[in-house]
Amino acid sequence: MQRRGALFSMPGGSGSRKMAAGDIGELLVPHMPTIRVPRSGDRVYKNECAFSYDSPNSEGGLYVCMNTFLAFGREHVERHFRKTGQSVYMHLKRHVREKVRGASGGALPKRRNSKIFLDLDTDDDLNSDDYEYEDEAKLVTIACDAVLSSKSPYRKQDPDTWENELPVSKYANNLTQLDNGVRIPPSGWKCARCDLRENLWLNLTDGSVLCGKWFFDSSGGNGHALEHYRDMGYPLAVKLGTITPDGADVYSFQEEEPVLDPHLAKHLAHFGIDMLHMHGTENGLRDNDIKPRVSEWEVIQESGTKLKPMYGPGYTGLKNLGNSCYLSSVMQAIFSIPEFQRAYVGNLPRIFDYSPLDPTQDFNTQMTKLGHGLLSGQYSKPPVKSELIEQVMKEEHKPQQNGISPRMFKAFVSKSHPEFSSNRQQDAQEFFLHLVNLVERNRIGSENPSDVFRFLVEERIQCCQTRKVRYTERVDYLMQLPVAMEAATNKDELIAYELTRREAEANRRPLPELVRAKIPFSACLQAFSEPENVDDFWSSALQAKSAGVKTSRFASFPEYLVVQIKKFTFGLDWVPKKFDVSIDMPDLLDISHLRARGLQPGEEELPDISPPIVIPDDSKDRLMNQLIDPSDIDESSVMQLAEMGFPLEACRKAVYFTGNMGAEVAFNWIIVHMEEPDFAEPLTIPGYGGAASAGASVFGATGLDNQPPEEIVAIITSMGFQRNQAVQALRATNNNLERALDWIFSHPEFEEDSDFVIEMENNANANIISEAKPEGPRVKDGSGMYELFAFISHMGTSTMSGHYVCHIKKEGRWVIYNDHKVCASERPPKDLGYLYFYRRIPS
């Protein structure tokens, strides 16, 4: 990789024309006060444009502002210049060239610089043996050198470097290993103290195979590996099933964290394990055990079928950043919806022009950037004819689909979120709700695209003693459909498979091919509408708790219906597992019969009396009921519980109501309360303005529809800000005073165009009045007839592991979006989906 430098003047100057150093110096003199040298903590963007996916690899290269260190492609650098007046930029360009061949056909040796010039990712689709990179920068000054040597702000998200951040264990160099003759077989592992065959750890001192505990990773266990350490003091263990030629998951009990073992190959060889011949398998199972899972992966990804790559507008893939497929799948489905296309890409000039000074930290800007990248076709172009001929001549014709990298988008939407900001796999359903929450909080203009998912649920609870009823309504954004396992149509086949599987496992023979339960969709829909028993229901007629029966129906039908198949559950050992089911999801869906009917003739409503507030006298109970500030909830404990597969909102409530006393105490709370009907509902605390969690406003977020409280508006205007600023800031931050003030300071440009703010305010009010019930949440009610247009599928045993892909019906045919690969689908596996997207059919 070569490095070369030259001098460059700003847009409006002479472009790439070389100038004498004195001429450049004279041009720079007026702008010297604006040139900064990056300091510790400065984010230096030199990989990606803030408004597009242009990079130094792009034809026009990238322009880095020497004051803000933001980067812009050729199309957007003028916008930044007009807005800020910043006149000094550094132009970065990477040249990719085919290596010069020698007489024998091999590449000539080329001396490499010891210092990498641009800290950029190389193109994975280009063979490094055939190509070389040459980086170019113009306007090289002291400040520029600091920019070039600064690390990318995304490096902590890079899965390759994320693993390298693990510390080397201080016990690795002089680890004692007992010569006890223990040899570890390549399969059939089992905990030495219990019957668990998952989450198994090999102690590197004595070769004991023992189960871990749930807080070591995302699966369950009885903690025997930790008990063994406490008994014997042997510090290091490696997780079986993660061993590959590249390494493994190593944990240090003494240091209480994951670590690196530079001598791992030698330590494993002591117990007869050859790293070079090991292949990691999920949950440490044998290759034969995961064969059914491989089948699931093959079916969903349509492996073994020659799929035709798709190019052009709407057919751009998203690169996997390391377990980011959940985000990619959701965003592909979201931007296939016209309302989201219009709200963001349709308003691109206005959103970009009115973006804050740092557009990388603005949700609407980043949504628009991502939408434009996916829909424009600018980053999805078929190879030209000459390239195809060259590939065929080399006998290596593989259609290249680079896709775009959503690093900047992921960094923003996952900011301050303990799960999504990590490199672990996440639940696509939870991310969908998180995104809806962000859209709600950052709505702009007259259209709120997330309204297309919003609907009202009518809940009817009947007191079993008085027979009186209570009707309530709540907002929701998706329909959760239970899996009616009892309705399987192939029960005899399932019983035979289970008997064969147990016999094969007992005799350590290859397992039979997986048999999936075939569930009629009608049975799942029936299970959704069946009454649910409520044991802890407050009956206002009795002024006491009583048993009740709850039913839920649609008080309104959304324009787009998202259906989640609840195929994830827990085994008897509390280990998350997945129902292996095939459901005949319909292309045309009719849920008209689930329309709510309201209070019926002959029904008597329960009186509207709230239950009394009881303050326990017991000191322990008083400690447990001391309400903490919702913002102080221990997110690490929440994350540990969520990694077990419990709903995120239930985890937050568990940690909150146990007073931040740790994950184990909160786990006990979950066990006691998990059968309650509101177990997974958002945490709501009187005095904190409703839901307390970051994702809570997606349920019952009526506060976004109403005028912000006048007393809070008055506080902001008393500080000298305009009323329209205060209203817009409160709307954007869900009426949170502190966040609203931060919003005003981060959006100074709204001061300069108050007419735009007033227009947005008036349009938003008109939109609410025209589309919603008076003083109620916004809904777009209509018929209950829908057609399927997209679905997201999951492969793996848990939402915290595995892989997601998305299928979308476009222009009359199904298309599979598998990270950066976009192809015409031949056999869309509609029966194996996890999230289904339906659009309403006009009546």
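The values are calculated or read from the model by the stated rules, or taken from the named source; none is laboratory data. On a predicted model such as this, the values are computed, not experimentally measured, just so you know. Note that we place each Cβ from the backbone using ideal geometry, even for glycine, and neighbour counts take in every protein chain shown. Note: accessible area is taken over every heavy atom of the protein model, side chains too, but ligands, DNA and RNA are not part of it. Shrake-Rupley method; radii C 1.70, N 1.55, O 1.52, S 1.80 Å.
Every test in (1) within 22 Å of Arg595 (Cα to Cα); (2) modelled with pLDDT of 90 or more; (3) open to solvent by 50 Å² or more (accessible area, probe 1.4 Å) is passed by Asp492 save one, and that test is (1).
Filtering segment 71-97 to residues that are touching a helix residue (DSSP H, G or I) at 6+ places or on another chain (Cβ under 7 Å) and outside any strand (DSSP E or B) leaves Arg79, Gln86, Ser87, Val88.
Restricting attention to segment 656-679, the residues being open to solvent by less than 60 Å² (accessible area, probe 1.4 Å) and aliphatic (A, V, I, L, M) number 5.
Within segment 775-799, restricting attention to residues that are of a type in the set (A, V, I, L, M) and crowded, with 18+ Cβ neighbours inside 10 Å, the residue that is farthest from Lys566 (Cα to Cα) is Val779. Taking segment 61-75 as the range and being open to solvent by 10 Å² or more (accessible area, probe 1.4 Å) and of a type outside the set (Ser, Thr, Tyr) as the test, the residues that pass are Asn67, Arg74, Glu75.
Can you confirm whether segment 715-733 contains a residue that is over 25 Å from Ala547 (Cα atoms), modelled with pLDDT under 65 and not aromatic (Phe, Trp, Tyr)? Looking for residues that are over 25 Å from Ala547 (Cα atoms), modelled with pLDDT under 65 and not aromatic (Phe, Trp, Tyr), one finds none in segment 715-733, hence no.
Taking each residue of segment 484-507 that is in a helix (DSSP H, G or I) and looking for partners that are exposed (fewer than 12 other Cβ atoms within 10 Å of the Cβ) and modelled with pLDDT under 85 with beta-carbon atoms closer than 8 Å, six or more apart or interchain, yields Glu503/Arg509; Ala504/Pro510. Residues in segment 800-828 that are open to solvent by less than 10 Å² (accessible area, probe 1.4 Å) and under 23 Å from the mean Cα position of the chain (by Cα): Tyr804, Val805, Cys806, His807, Ile808, Val815, Ile816, Tyr817, Val822. Taken over segment 829-843, the criterion of being crowded, with 16+ Cβ neighbours inside 10 Å, among the aliphatic types (A, V, I, L, M) and not in a helix (DSSP H, G or I) is satisfied by Leu835 alone. Taking residues in segment 657-680 that are over 25 Å from Val534 (Cα atoms), and partners anywhere that are open to solvent by 40 Å² or more (accessible area, probe 1.4 Å), the pairs with Cβ atoms closer than 6 Å and at least 6 places apart or on different chains are Gly659/Met624; Asn660/Asp634; Ala663/Gln640. State whether one or more residues within segment 385-397 are at pLDDT below 90 and open to solvent by less than 40 Å² (accessible area, probe 1.4 Å). Looking for residues that are at pLDDT below 90 and open to solvent by less than 40 Å² (accessible area, probe 1.4 Å), one finds at least one in segment 385-397, hence yes.
Results for (1) of a type in the set (Ser, Thr, Tyr); (2) closer than 21 Å to Arg553 by Cα; (3) touching a Phe, Trp or Tyr at 6+ places or on another chain (Cβ under 7 Å); (4) not assigned by the TED database to the domain that holds Ala732, shown as yes or no for each residue.
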residue	(1), (2), (3), (4)
Leu456	no, yes, no, no
Gln462	no, yes, no, no
Thr472	yes, yes, no, no
Gln480	no, yes, no, no
Ala484	no, yes, no, no
Ala487	no, no, no, no
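Number of residues in segment 314-342 that are open to solvent by less than 10 Å² (accessible area, probe 1.4 Å), assigned to a helix (DSSP H, G or I) and out of contact with any Cys (no Cβ under 7 Å at 6 or more places or on another chain): the value is 8. Contact map, segment 248-277: residues that are assigned to a helix (DSSP H, G or I) paired with residues that are modelled with pLDDT under 85 and open to solvent by 70 Å² or more (accessible area, probe 1.4 Å), Cβ distance under 9 Å, separation 6+ or inter-chain. Pairs shown: Ala265/Asp274; Ala265/Leu276; Leu268/Asp274; Met275/Asp246; His277/Pro186. Pick from Tyr497, Tyr471, Tyr477: which is more than 30 Å from Ala642 (Cα to Cα), modelled with pLDDT of 90 or more and of a type in the set (Ser, Thr, Tyr)? The match here is Tyr471.
Only residues that are closer than 19 Å to Asn402 by Cα and acidic (Asp, Glu) were counted across segment 26-78, and they come to 3.
Do we have His794 as touching a residue at least 24 places away in the same chain (Cβ under 8 Å), assigned by the TED database to the domain that holds Ala517 and touching a strand residue (DSSP E or B) at 6+ places or on another chain (Cβ under 6 Å) here? In short, yes.
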